[in-house]
Amino acid sequence: MDRRAFLLASVSATAALVLGGPALSAENRQRFGIQLFSLPKLLEGDVRKAIAMLAGMGYREVEPYGPYTYSAPEAIARWKAVTPSLGFSGSGYFGLSGKEFKALLASHGMTSPSMHTDFATLDRNMKQLGEAGRELGFTYVGLPSIPEERRKTLDDYKRMADTFNRIGKEAKSAGVRFAYHNHGYGLQPMEGVIPVEYLLANTDPELVFFEMDLYWTTAGGANPIELLRRNPGRYRLMHVKDMQGRRRFSGDGGDSKQWIELFPYMVSAGEGSLDLKAILEQGRKSGVEHFFVEQDNVANPESALKKSIDHLTRL
């Protein structure tokens, strides 16, 4: 063993003694990411400054949200219609090109393994998504929610399973992977069947992947650990959130009004009731590859997002 290797080994051993367990190298520590919808106003104001802030906190991955310049026209139109009520309009790469955004991330040691888009873009613009994936470097193209008009009945979900398989096949051909992110709907029985479980059982595990949102899963009455345990290899991404108390949707969790009602109970990781240590451990065992903190448009991202990653890196 040369002198440098000896010194590194000695430091590692000392850390293990002090901390009461094996010391993890920087390469082996969990790389936590951030879903950018957590701080849209800061990104819109100064994307370079906001990314630098996130990197300084310790975030190493980002998950952008759409629409993008290559999104379906109706997705862009819907976004323009809703942004006046949101108080911001920025999305995608916040005025940068894909290459510029990737370079910005790289300058801070960050990557973007996943992105959120919309149903119409996934349905019709997969070629453009594949090209964007090669440009920016992301692997997963995510559907944040199923359009409300396409999930009213169990037959709708059956058709959606077939659609997911088709989109997943097209994504693979384009060089990316398709992932579905759950909201609160679909977690309780519909005509005697739980829709999310139907989607898991009737989609190709080689083509269709899932992103678990801990907050909406819990609010929808499902158990995140049990879903992960029963479906190894299916959930590849996770939105890590915490919840003040135990909250449930006022209805089936199927519309934005019900989501907004629960926003006030979304808290920084470690300040709520969810057993994040146990959930993350099961997630890793079940094949989750990327963990993204998400605190939807949180009021004080400078402090709230720092609290979350500080807590998670201590688990």
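The values are calculated or read from the model by the stated rules, or taken from the named source; none is laboratory data. This structure is a prediction, so every number in the text was calculated from the model and none was measured. For neighbour counting, all protein chains shown are included, and Cβ atoms are generated from backbone atoms with ideal geometry for every residue, glycine included.
Here are the numbers:
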{"quantity": "Options LEU129, LEU104; residue that is in contact with a strand residue (DSSP E or B) (Cβ under 6 Å, 6 or more places away or on another chain) and in a helix (DSSP H, G or I)", "calculated": "LEU129"}
{"quantity": "Single residue of ALA81, ALA23 found to be assigned to a helix (DSSP H, G or I) and either at pLDDT below 95 or aliphatic (A, V, I, L, M) (or both)", "calculated": "ALA81"}
{"quantity": "Condition check for SER71: outside any helix (DSSP H, G or I) and either under 27 Å from GLN188 (Cβ atoms) or small (Gly, Ala, Ser) (or both)", "calculated": "yes"}
{"quantity": "Residue under evaluation ASP275, criteria (1) touching a residue at least 60 places away in the same chain (Cβ under 8 Å); (2) more than 26 Å from GLU148 (Cα to Cα), criterion not met", "calculated": "(1)"}
{"quantity": "Qualifying helices (runs of 4 or more DSSP H) (wholly inside the stretch 231-314; at least 3 residues being under 28 Å from LEU86 (Cα atoms))", "calculated": "256-262, 301-314"}
{"quantity": "Top-ranked residue in the stretch 55-86 [being charged (D, E, K, R) and over 16 Å from the mean Cα position of the chain (by Cα); ranked as nearest to THR121 (Cα to Cα)]", "calculated": "GLU74"}
{"quantity": "Filtered residues of the stretch 228-285 (kept if exposed (fewer than 14 other Cβ atoms within 10 Å of the Cβ) and among the aliphatic types (A, V, I, L, M))", "calculated": "ILE260, ALA278"}
{"quantity": "Inter-residue pairs, beta-carbon under 6 Å, first under 18 Å from LEU136 (Cβ atoms) and in the stretch 69-81, second surrounded by fewer than 18 Cβ atoms within 10 Å (Cβ to Cβ) and among the charged types (D, E, K, R), 6+ apart", "calculated": "none"}
{"quantity": "Residue ID - nearest to ASP213 (Cα to Cα), chosen from residues in the stretch 132-148 that are out of contact with any Lys or Arg (no Cβ under 7 Å at 6 or more places or on another chain) and among the charged types (D, E, K, R)", "calculated": "GLU148"}
{"quantity": "SER89 being modelled with pLDDT of 95 or more and either under 21 Å from PHE37 (Cβ atoms) or of a type in the set (A, V, I, L, M, F, W, C) (or both)", "calculated": "yes"}
{"quantity": "Those residues of the stretch 53-68 which are in a loop (DSSP other than H, G, I, E, B), within 22 Å of GLY130 (Cβ to Cβ) and touching a Lys or Arg at 6+ places or on another chain (Cβ under 9 Å), in sequence order", "calculated": "PRO67"}
{"quantity": "Condition broken by ALA299, with the remaining ones in (1) small (Gly, Ala, Ser); (2) at pLDDT 95 or above; (3) surrounded by fewer than 20 Cβ atoms within 10 Å (Cβ to Cβ) satisfied", "calculated": "(2)"}
